[in-house]
């Protein structure tokens with residue numbers, strides 16, 4: 001059942017061009033660095049070294065990214081910030097993938113009135129601008145525990161996936177082998193799980209991966225205005241906010257987390273482009289493109 | 001032939017793909033005279049469509065027409081022309097009709113618009129004149145109520161009508177040569193006959209030469225005067241239509257004919273040619289048909305046959321021309337031996 | 001056609017009703033209420049009195065039904081923080097945001113479509129490839145990041161543009177009409193540029209992709225076989241088809257545009273709906289927050305309906321039949 005999925009994944013990776021491979025490598029490095037931060041970082045993240053002498057030092061040999069206004073090493077903080085930013089985004093999209101797949105499976109398999117109601121509900125959710133909703137909820141419930149933040153980010157990002165899965169489910173329903181299996185007595189749910197899930201695995205993974213970049217930007221923005229991640233946890237977004245608060249003369253405190261965000265998102269976009277090109281576009285209804293990571297990730301219908 | 005309209009000499013069109021070099025058209029030479037209808041026959045993958053596209057220089061990367069090829073049209077070498085000059089020939093002196101009428105027409109423009117465009121591009125005609133011309137052409141190809149029909153969109157028409165529109169588009173400038181690439185394949189059988197009749201009628205009226213590309217021998221029998229059979233990117237037989245049907249020489253041609261139901265020839269089963277067309281990236285050695293041929297012998301495996309003249313005006317790329325007694329010893333073709 | 005529009009409108013109303021419900025419960029289920037702010041000088045009796053006055057002591061379901069009823073009558077409640085009916089507050093601030101968004105939409109489509117076509121037409125040239133890389137880069141920039149960068153560059157390092165607000169706080173009222181207009185324009189440049197750059201990059205990329213998808217089509221080959229020159233083939237034959245998905249895109253870009261507008265207004269202190277939302281949230285002005293969320297949804301829904309209608313009009317396959 002899964003050999004087909006593995007096959008497709010392998011073909012997928014083969015079809016990636018030069019830039020996409022670079023992007024993939026960069027992303028893997030970032031994730032690796034984030035994972036190994038406690039080992040790799042030169043200092044401890046909240047360690048305030050020599051408050052007087054090392055305050056606001058520009059990049060130097062001892063401190064590659066300089067120090068911030070409370071004498072913490074920026075490189076270390078950036079590495080630890082990666083842990084937060086990347087894990088929040090990845091986990092959030094995991095939530096989104098699970099919720100979206102389930103929703104789409106149910107709607108697409110059951111069809112009829114259930115499907116209509118579920119789709120209307122989805123339309124309503126889609127109509128509310130994501131940022132607006134998140135700001136409203138996060139600010140009103142401030143301060144929000146990190147797990148809640150992840151959950152909220154995920155629960156506002158599953159719509160693409162569910163549409164994708166639903167379309168597949170509906171297409172599957174009509175396929176001959178499904179009709180044949182049903183006529184032989186197999187239960188609908190079982191058919192769907194056995195045949196649909198492996199089929200839809202790869203596109204879902206692709207969409208989810210692209211969504212991660214999206215969420216990184218989102219979390220950074222929310223943290224930047226103070227309602228995302230908060231003290232004592234530090235993400236790239238909070239670092240960026242702190243850095244810009246005291247910008248004049250200490251540009252490095254904001255620059256490096258800023259670059260980290262931009263490079264990460266850029267890599268996700270490049271990777272996403274290549275993945276989209278390799279995937280069969282006729283797979284998806286109405287020439288629909290998986291939303292790439294960015295501020296303006298317009299969801300193609 | 002004296003003063004042929006089109007003279008193709010040694011045409012080679014290769015595609016440089018990741019999987020290797022695909023020699024889609026590999027040294028093809030033929031001529032078409034003024035007012036002649038020539039059929040170009042073969043299965044999919046033998047190079048017929050690529051030949052047609054090459055004539056109009058519509059081959060895009062990763063394909064290209066190899067240097068050394070020559071195509072003379074009305075005395076000019078098409079390959080030596082600038083892109084701009086070539087553009088003036090397309091749709092104007094040489095026109096092409098494609099296989100799928102639904103996708104060949106632009107869905108967002110009216111049918112009249114698309115026909116009129118040809119006149120505007122090549123004649124510099126005004127909008128009104130071009131439109132009138134379009135209506136005229138629609139009537140010519142047998143579409144009733146042409147004024148109304150011209151305002152319609154392709155999706156509002158049936159397949160047969162769309163193909164008529166495509167034909168109308170091709171004939172606006174009264175080209176000297178029309179290349180019809182499988183014009184009837186996508187249509188119902190009854191419509192097929194109508195379209196072929198239309199083509200014949202128009203050809204008589206305007207004296208246009210037609211290069212009719214098809215895999216359907218039945219269509220060939222109906223409408224052409226000369227036939228060119230292609231296989232493996234090459235011409236394997238060339239003859240008049242009478243010669244071809246009465247005395248086919250190349251085993252491939254025989255195969256095509258025996259796969260075709262014919263009135264008057266009693267047979268219990270239609271025969272198919274075993275095996276499939278080989279990929280253009282790796283044509284078989286020697287005679288390209290040898291592994292599917294019921295008469296193949298050692299020589300055909302190693303020696304690539306030239307075009308032999310088996311009778312006046314009848315060419316065949318087959319060693320049987322020199323060793324005809326082999327024809328008496330048919331056996332199972334290589335591909336069918338397992 | 002008319003049936004199509006009617007169906008879409010009905011659909012829109014259903015969606016908006018669901019949105020109102022979802023938003024209402026999400027917001028009212030938050031801890032606290034508008035009157036739980038910290039201020040020792042206001043006793044709890046006074047607070048409870050306010051709560052009763054504005055109906056916050058009633059059961060949630062009852063509040064919901066009352067809210068629905070008032071919305072149906074066109075009344076959206078009273079804003080505690082701005083001391084005016086919510087409708088008035090919206091009427092004041094929403095148009096400013098719409099101005100930004102509307103201009104950004106128009107500009108980014110105008111630029112984006114052109115650039116997308118250019119990148120395809122001259123795809124192998126250095127300029128086109130540079131443009132492609134640039135649009136990818138800009139597309140990947142976070143909105144708040146770009147807004148900040150532009151502000152820093154043009155507001156501080158080369159102080160040629162104002163650093164915030166919609167007009168000069170002090171002098172505007174004393175300016176001549178043309179000076180005032182110029183002042184307004186100057187203040188709009190940075191926020192508008194931020195939004196336009198981000199959305200424009202997205203549109204360039206989608207237009208390019210859409211065009212590349214259309215180019216291998218049979219009818220494009222037919223056009224070339226007719227002798228049409230390459231420019232015309234791309235601009236007329238291919239583009240007319242490639243533009244259709246862009247119409248849908250306009251509708252789908254709205255939620256993101258609103259989100260972007262939120263951050264941009266915050267960074268540039270542009271006194272539109274976005275900034276209002278931030279302040280309203282800060283003081284738990286529930287009616288205002290709720291109305292803003294609904295307003296955002298209305299924008300999105302209306303935008304999508306218009307886009308759908310636009311598409312139906314533009315595509316003959318939908319329009320005729």
> So which residues in the stretch C:1-29 are in contact (Cβ under 8 Å) with a residue 12 or more places away in the chain, more than 11 Å from chain A (Cβ to nearest Cβ) and either under 17 Å from residue A:125 (Cα atoms) or assigned to a helix (DSSP H, G or I) (or both)?
Replying inline: C:4, C:5, C:8, C:9, C:24, C:25
>> For the stretch C:103-114, check the following and say yes or no: at least one residue is over 18 Å from residue C:274 (Cα atoms) and assigned to a loop (DSSP other than H, G, I, E, B).
In response: no
>> Step by step: first the residues of the stretch B:94-108, then only those that are more than 7 Å from chain C (Cβ to nearest Cβ) and more than 14 Å from the chain's Cα centre (by Cα), then the one that is nearest to residue B:36 (Cα to Cα). Which residue is that?
In response: B:101
> When you go through B:147, B:152, B:136 one by one, which is the residue that is within 11 Å of chain C (Cβ to nearest Cβ) and either outside any helix (DSSP H, G or I) or farther than 26 Å from residue C:239 by Cα (or both)?
Replying inline: B:152
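Residue by residue, here is whether (1) more than 19 Å from the chain's Cα centre (by Cα); (2) on the phi > 0 side of the Ramachandran plot holds:
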| residue | (1), (2) |
| --- | --- |
| C:9 | yes, no |
| C:16 | no, no |
| C:44 | yes, no |
| C:70 | yes, no |
| C:77 | yes, yes |
| C:83 | yes, yes |
>> Being touching a helix residue (DSSP H, G or I) at 6+ places or on another chain (Cβ under 8 Å) and at positive phi narrows it down to one residue among C:227, C:200; which is it?
In response: C:227
> Has the stretch C:71-91 got any residue that is in contact with a helix residue (DSSP H, G or I) (Cβ under 8 Å, 6 or more places away or on another chain), away from chain A (no Cβ under 14 Å) and surrounded by fewer than 12 Cβ atoms within 10 Å (Cβ to Cβ)?
Replying inline: yes
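When residues of the stretch C:184-207 are filtered for being over 16 Å from residue C:250 (Cβ atoms) and surrounded by 24 or more Cβ atoms within 10 Å (Cβ to Cβ), how many remain? Full working, then the answer.
So in the stretch C:184-207, the residues over 16 Å from residue C:250 (Cβ atoms) come out as C:184-194, C:197.
Keeping just the survivors that are surrounded by 24 or more Cβ atoms within 10 Å (Cβ to Cβ) gives C:191, C:194.
The total comes to 2.
Could you list, in sequence order, all residues of the stretch C:296-321 that are surrounded by fewer than 20 Cβ atoms within 10 Å (Cβ to Cβ) and within 16 Å of the chain's Cα centre (by Cα)?
The answer is C:298, C:302, C:305, C:306.
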>> I'd like to check something: does the stretch C:276-285 contain any residue that is more than 9 Å from chain A (Cβ to nearest Cβ), in contact (Cβ under 8 Å) with a residue 12 or more places away in the chain and surrounded by fewer than 24 Cβ atoms within 10 Å (Cβ to Cβ)?
In response: yes
> Going through the stretch C:124-140 one residue at a time, which ones are touching a helix residue (DSSP H, G or I) at 6+ places or on another chain (Cβ under 6 Å) and either under 24 Å from residue A:242 (Cα atoms) or within 12 Å of chain A (Cβ to nearest Cβ) (or both)?
Replying inline: C:132, C:135, C:138, C:139, C:140
> Quick check: is even one residue across the stretch C:310-320 assigned to a helix (DSSP H, G or I), under 23 Å from residue C:93 (Cβ atoms) and more than 10 Å from chain A (Cβ to nearest Cβ)?
Replying inline: no
> Would you say residue A:41 is within 20 Å of the chain's Cα centre (by Cα) and at pLDDT below 90?
Replying inline: no
>> When you scan the stretch A:200-214, do you find a residue that is closer than 17 Å to residue C:148 by Cβ, modelled with pLDDT of 85 or more, assigned to a helix (DSSP H, G or I) and within 14 Å of chain C (Cβ to nearest Cβ), even just one?
In response: no
> How about the stretch C:138-156: which of its residues are outside any loop (DSSP other than H, G, I, E, B), under 30 Å from residue A:270 (Cβ atoms) and without any contact (Cβ under 8 Å) to a residue 40 or more places away in the chain?
Replying inline: C:145, C:149, C:152, C:153, C:154
> Just a yes or no: is a residue in the stretch B:198-207 more than 26 Å from residue C:316 (Cα to Cα), in contact (Cβ under 8 Å) with a residue 40 or more places away in the chain and outside any helix (DSSP H, G or I)?
Replying inline: yes
>> Looking at the structure I just gave you, is residue C:154 over 30 Å from residue C:286 (Cβ atoms) and either within 14 Å of another protein chain (Cβ to nearest Cβ) or out of contact with any strand residue (DSSP E or B) (no Cβ under 8 Å at 6 or more places or on another chain) (or both)?
In response: yes
>> Restricting to the stretch B:74-114, count the residues that are assigned to a strand (DSSP E or B) and surrounded by fewer than 21 Cβ atoms within 10 Å (Cβ to Cβ).
In response: 2
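Taking the stretch C:236-272 as the search range and keeping residues that are under 30 Å from residue B:50 (Cβ atoms) and out of contact with any helix residue (DSSP H, G or I) (no Cβ under 7 Å at 6 or more places or on another chain), which one is nearest to the other protein chains (Cβ to nearest Cβ)?
Checking each candidate, the answer is C:240.
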>> Suppose we keep only residues that are assigned to a helix (DSSP H, G or I), closer than 13 Å to residue A:96 by Cα and within 14 Å of another protein chain (Cβ to nearest Cβ) within the stretch A:113-166. Which one would you say is farthest from the chain's Cα centre (by Cα)?
In response: A:163
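The values are calculated or read from the model by the stated rules, or taken from the named source; none is laboratory data. It should be emphasised that the depicted structure is a prediction, and the values quoted were computed from it without experimental measurement. Note that we place each Cβ from the backbone using ideal geometry, even for glycine, and neighbour counts take in every protein chain shown.
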